[in-house]
Amino acid sequence: MGIPSEDVVIINQSEKPADPSVITVNCPDKTGLGCDLCRIILFFGLSIVRGDVSTDGKWCYIVFWVVGKPTTRWSLLKKRLVSACPSVSSFSGIYYYKQELQQPKVPDVFLLKFCGVDRKGLLHDVTEVLCELELIIRKVKVSTTPDGKVVDLFFIIDTRDLLHTKKRQEDTHDHLKAYLGDVMISCEIELVGSDIATSSQGTSFLPPAITEEMFSLELSNDESSGSSNQSVSVTADNSLSPSHTLIQIICQDHKGLLYDIMRTLKDYNIQISYGRFSIKERRKCEVDLFVMQVDGRKIIDPNKQSSLCSRLRMELVHPLRVAMVSRGPDTELLVANPVELSGKGRPLVFYDITLALKTLNTCIFTAEIGRHVIGDREWEVYRILLDEGDGLSVSWNKVEGEVRKKLMGWD
């Protein structure tokens, strides 16, 4: 059975800005496909307001209703979604399922060294350009010199796999120069080993008290009892289907909600046979998922059920961790998000952090992204040392609140 190649992903753009556009995916199935698609949609700055998933275990049919910015590059989004679908072979314009035989290629890591004249919001502006160019920031080290210059080191991965070419490097330089003007002094790009980008991850010290508080996998009593404003209900039911477990979720919407659900199921190696997601009044979300284990059986073990429901509840109450801490005489902003077992992090986190600080007119003295294994999980940790000058002009609570709002899409 085959389908025309142009029909693997179909995007119907809405005629009115307020109406959602519709993305339809019709392709071979694989565990975690929904997670991969949701990550791409999130990377393009779109929000999923409704979704339907159906699969027989071999072929799947997925529909997303999305809203977002008017500048969305729909043709590029379609290309990225198609590339996330399982490998296919083409013959006369028809796509056929082909089992993946090789492990995915480890992406090349490049070092982009940016030098410029410091000003408020500069780090966000550089980050915005890199995101527009589909360059994923894996690690960054930002420093400010006494003479008012900045030296930013970005370890990046090119989703287009073209940064080794002179043209792609020149395009990156030219885009930065066009956006920043005379503020940019220089921009150099070179290939580095992936071990260089990861060798120092986890080496910077995280105080035990902060680690214990920020990365706890236990909900507070208020959150567990549902008395919190962010209360989440997650239940498992085996009585409605002879072959599937029904996972029902009721919660408040946030940016990347469906991605958080899908990545958790992917990490647990849980397959979705049928699912429906919708947003009701007051941003209340309802999710019904008929799922099975990788062996094709429903989830019978009560311990497995409890573990899965608890992890889903945690990931929806705290998809990201945000905290303000004292670092000697200075103030540091810490943001952390869990890394998928595949090694992929959450999109646009650094973009949202720098945008929130730019909105608050708060300068960044140094910034660092690293990965830390805490407990049995890997986390991507963003450490932002704020430039207080004559004193931080906004309160800790306001900084933490604004960053959290931006990350959660609660503007």
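As I understand it, the value is the acute angle between the Cα axis of helix 396-408 and the longest principal axis of the Cα atoms of the chain; what does it come to in degrees, rounded to 10? That helix lies at roughly 40 degrees to the long axis. Between the range 333-411 and the range 258-289, the C-alpha centres lie 25 angstrom from each other. Each part gets one Cα centre, and for the range 296-310 versus the range 166-193 those centres are 50 Å apart.
A 1.4 Å probe run over the range 230-317, with the rest of the protein chains in place, finds 46 Å² accessible per residue.
What angle do you read, to the nearest 10 degrees and between 0 and 90, between the alpha-carbon axis of helix 122-132 and the longest principal axis of the chain? Roughly 30 degrees, rounded to the nearest 10. Peptide packing: for 126-134, 34-42, 289-297, the average count of neighbouring Cβ atoms within 10 Å per residue gives the ranking 34-42, 126-134, 289-297, highest mean first.
The share of accessible area on the chain that comes from carbon and sulfur is 51 percent, using a 1.4 angstrom probe. Annotation: per residue accessible area for the range 1-88 equals 46 Å², rounded to a whole number [probe 1.4 Å, protein chains only]. Within the range 105-120, which residues have the backbone N less than 15 Å from the label spot 7 Å out from Ile185 along Cα→beta-carbon, could you tell me? Hits in the range 105-120 for Ile185 at 15 Å: 113-119. In plain terms, the chain from Thr145 to Lys120 could stretch by 7.5 nm, reckoned as 0.36 nm per residue minus the Cα-Cα distance.
Only helical runs count toward this figure. For the chain, summing -39,500 (n - 2.57) over DSSP H runs of n ≥ 4 and dividing by all residues gives -8500 deg cm²/dmol at 222 nm. Axis of helix 302-317 versus longest Cα principal axis of the chain: the two differ by about 40°, to the nearest ten degrees. Taking Leu316, Leu162, Leu333 as the candidate residues, the one with maximal mean-square fluctuation in a Gaussian network model of the chain, Cα springs under 10 Å, is Leu162.
For Met324, what is the net charge nearby, where nearby means another residue's Cβ is under 9 Å from its Cβ and Lys, Arg count +1, Asp, Glu -1?
Residues close to Met324 contribute a combined charge of -2.
For the range 1-88, the relative contact order is 33 percent, taking Cα pairs closer than 8 Å that sit 6 or more residues apart in sequence and dividing their mean separation by the residue count. Within the listed set Tyr274, Tyr179, Tyr351, the residue fluctuating most in the Gaussian network model of the chain (springs between alpha-carbon atoms under 10 angstrom) is Tyr179. Evaluating 6.51 cos²θ - 1.76 cosθ + 1.60 at θ = phi - 60° for every residue in the range 260-271, the Karplus couplings come out as 4, 5, 5, 5, 5, 5, 5, 5, 8, 6, 9, 9 Hz, glycine and proline recorded as x.
Gain in length, Arg377 to Asn26, computed as 0.36 nm per residue apart minus the alpha-carbon separation, to one decimal in nm? Walk me through the numbers before you get to the answer.
Numbers: separation 351, 0.36 × 351 = 126.36 nm, distance 3.29 nm.
Net length gain for the segment: 123.1 nm.
Across the range 329-336, rounded Karplus estimates of 3J(HN,Hα) from the backbone phi angles (6.51 cos²θ - 1.76 cosθ + 1.60, θ = phi - 60°) give x, 9, 10, 10, 9, 10, 10, 9 Hz, Gly and Pro being marked x. Amide H to amide H, with H built 1.01 Å from N, Gly121 comes under 5 Å of Ile364, counting only residues 5 or more places away or on other chains. What the phi angles of the range 159-172 give under the Karplus curve with 6.51, -1.76 and 1.60, with θ = phi - 60°, is a coupling list of 5, 8, 6, 10, 5, 6, 8, 5, 5, 5, 5, 5, 4, 4 Hz, glycine and proline written as x.
The values are calculated or read from the model by the stated rules, or taken from the named source; none is laboratory data. Keep in mind that what you see is a predicted model, and the values were worked out from it rather than measured. Positions of Cβ are backbone-derived with ideal geometry, glycine not excepted, and every protein chain shown enters the neighbour counts. Quick note on the areas: whole protein, heavy atoms, side chains included, nothing else; ligands and nucleic acids left out. Shrake-Rupley method; radii C 1.70, N 1.55, O 1.52, S 1.80 Å.
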